[in-house]
1. In the range 48-60, which residues are farther than 19 Å from residue 121 by Cβ and touching a residue at least 12 places away in the same chain (Cβ under 8 Å)?
2. Only one of 35, 79, 16, 42 is at positive phi and either without any contact (Cβ under 8 Å) to a residue 60 or more places away in the chain or surrounded by fewer than 18 Cβ atoms within 10 Å (Cβ to Cβ) (or both); which?
3. Here's a check for you: in the range 88-110, which residue that is in a helix (DSSP H, G or I) and touching a helix residue (DSSP H, G or I) at 6+ places or on another chain (Cβ under 7 Å) is surrounded by the most Cβ atoms within 10 Å (Cβ to Cβ)?
4. Would you point out the residue of the range 62-76, among those that are touching a residue at least 24 places away in the same chain (Cβ under 8 Å) and assigned to a helix (DSSP H, G or I), that is surrounded by the most Cβ atoms within 10 Å (Cβ to Cβ)?
5. When the residues of the range 180-215 are narrowed to those that are touching a helix residue (DSSP H, G or I) at 6+ places or on another chain (Cβ under 6 Å) and modelled with pLDDT of 90 or more, which ends up surrounded by the most Cβ atoms within 10 Å (Cβ to Cβ)?
6. On the basis of being within 22 Å of residue 201 (Cα to Cα) and touching a residue at least 24 places away in the same chain (Cβ under 8 Å), does residue 87 make the cut?
7. Can you confirm whether the range 116-130 contains a residue that is within 24 Å of residue 238 (Cβ to Cβ) and either free of Cβ contacts under 8 Å to residues at least 40 places away in the same chain or touching a strand residue (DSSP E or B) at 6+ places or on another chain (Cβ under 9 Å) (or both)?
8. As an exercise: evaluate residue 194 against (1) in contact (Cβ under 8 Å) with a residue 12 or more places away in the chain; (2) over 26 Å from residue 91 (Cα atoms) and give the number of the one condition it does not meet.
């Protein structure tokens with residue numbers, strides 16, 4: 001298979017900054033896979049089985065207040081297999097991008113996994129060509145779905161981190177960007193403390209201040225249509241879409 005260099009560079013530009021969790025119980029297979037996927041992703045975490053994978057998935061969310069951009073998992077694993085892991089992840093984040101690594105004997109699981117909503121499959125043994133194909137498919141899907149409609153003619157592009165009204169860019173700060181991203185992927189609520197911890201997660205010495213978040217929200221609301229950012233005592237802040 002001859003791979004076009006321009007296509008490879010374009011593919012890498014889309015996924016290189018995304019975060020990948022790779023779950024595989026076989027040490028040799030896991031190391032080989034990480035080398036192959038390392039041609040595209042700079043940020044790869046690995047897990048040795050489904051239980052370890054679920055722990056890493058939750059730890060990543062707690063530490064970064066966001067989910068992995070992509071999870072790739074084997075099917076046959078001890079403690080918790082790939083099917084169970086996929087179910088557990090979707091119970092936490094129904095929009096998670098997941099690719100499954102399968103052996104020929106695993107075909108009986110394909111229909112169930114497709115119905116669950118996974119992005120695709122890649123068969124063992126992994127090769128550069130196979131990995132290229134599956135990542136290309138994922139990158140095209142990711143780029144296509146990166147545009148999120150927030151309502152009232154406002155959209156947010158998760159790939160470029162741009163906020164737009166119709167086709168006109170709205171200038172936002174990095175912290176305002178983090179605020180919007182958190183509302184798009186928040187599990188349950190978006191309280192002042194949740195938002196503060198997400199926005200300033202890389203500044204652990206910074207003391208919590210509700211005024212900082214309220215000021216940020218006030219400034220961002222001035223840039224957006226009325227009623228797009230709403231607040232309730234139970235759910236905290238959310239997007240009215």
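The values are calculated or read from the model by the stated rules, or taken from the named source; none is laboratory data. Keep in mind it's a predicted model, so treat the numbers as computed, not measured. Every residue, glycine among them, receives a Cβ derived from its backbone with ideal geometry; neighbour counts consider all protein chains shown.
1. Answer for the range 48-60, where residues must be farther than 19 Å from residue 121 by Cβ and touching a residue at least 12 places away in the same chain (Cβ under 8 Å): 48, 49, 51, 52, 54, 56, 57, 58, 60.
2. Working: 35 fails: at positive phi; 16 fails: at positive phi; 42 fails: at positive phi.
After applying the criteria, what remains is 79.
3. Kept after step one, since they are in a helix (DSSP H, G or I), are these residues of the range 88-110: 88-92, 104-110.
The next check asks that each one be touching a helix residue (DSSP H, G or I) at 6+ places or on another chain (Cβ under 7 Å); those that pass are 88-90, 109.
Working: 88: 16, 89: 24, 90: 15, 109: 19.
Here the residue is 89.
4. Of the range 62-76, the ones touching a residue at least 24 places away in the same chain (Cβ under 8 Å) are 63-76.
When the remaining residues are screened for being assigned to a helix (DSSP H, G or I), the result is 63-64.
Working: 63: 9, 64: 13.
Only one residue tops the list, namely 64.
5. Here is the first cut: in the range 180-215, the residues touching a helix residue (DSSP H, G or I) at 6+ places or on another chain (Cβ under 6 Å) are 182, 190, 192, 195-196, 198-199, 208, 210, 213.
In the following step, the residues that additionally are modelled with pLDDT of 90 or more were identified as 196, 208, 210, 213.
Numbers: 196: 18, 208: 11, 210: 12, 213: 23.
Residue satisfying both the conditions and the ranking: 213.
6. Values: within 22 Å of residue 201 (Cα to Cα): no; touching a residue at least 24 places away in the same chain (Cβ under 8 Å): yes.
No: the conditions fail for residue 87.
7. Keep residues of the range 116-130 that are within 24 Å of residue 238 (Cβ to Cβ), which gives 117.
Still in the list and also either free of Cβ contacts under 8 Å to residues at least 40 places away in the same chain or touching a strand residue (DSSP E or B) at 6+ places or on another chain (Cβ under 9 Å) (or both): 117.
So far as the range 116-130 goes, yes, one or more of its residues are within 24 Å of residue 238 (Cβ to Cβ) and either free of Cβ contacts under 8 Å to residues at least 40 places away in the same chain or touching a strand residue (DSSP E or B) at 6+ places or on another chain (Cβ under 9 Å) (or both).
8. Going through (1) in contact (Cβ under 8 Å) with a residue 12 or more places away in the chain; (2) over 26 Å from residue 91 (Cα atoms) one by one, residue 194 breaks only (2).
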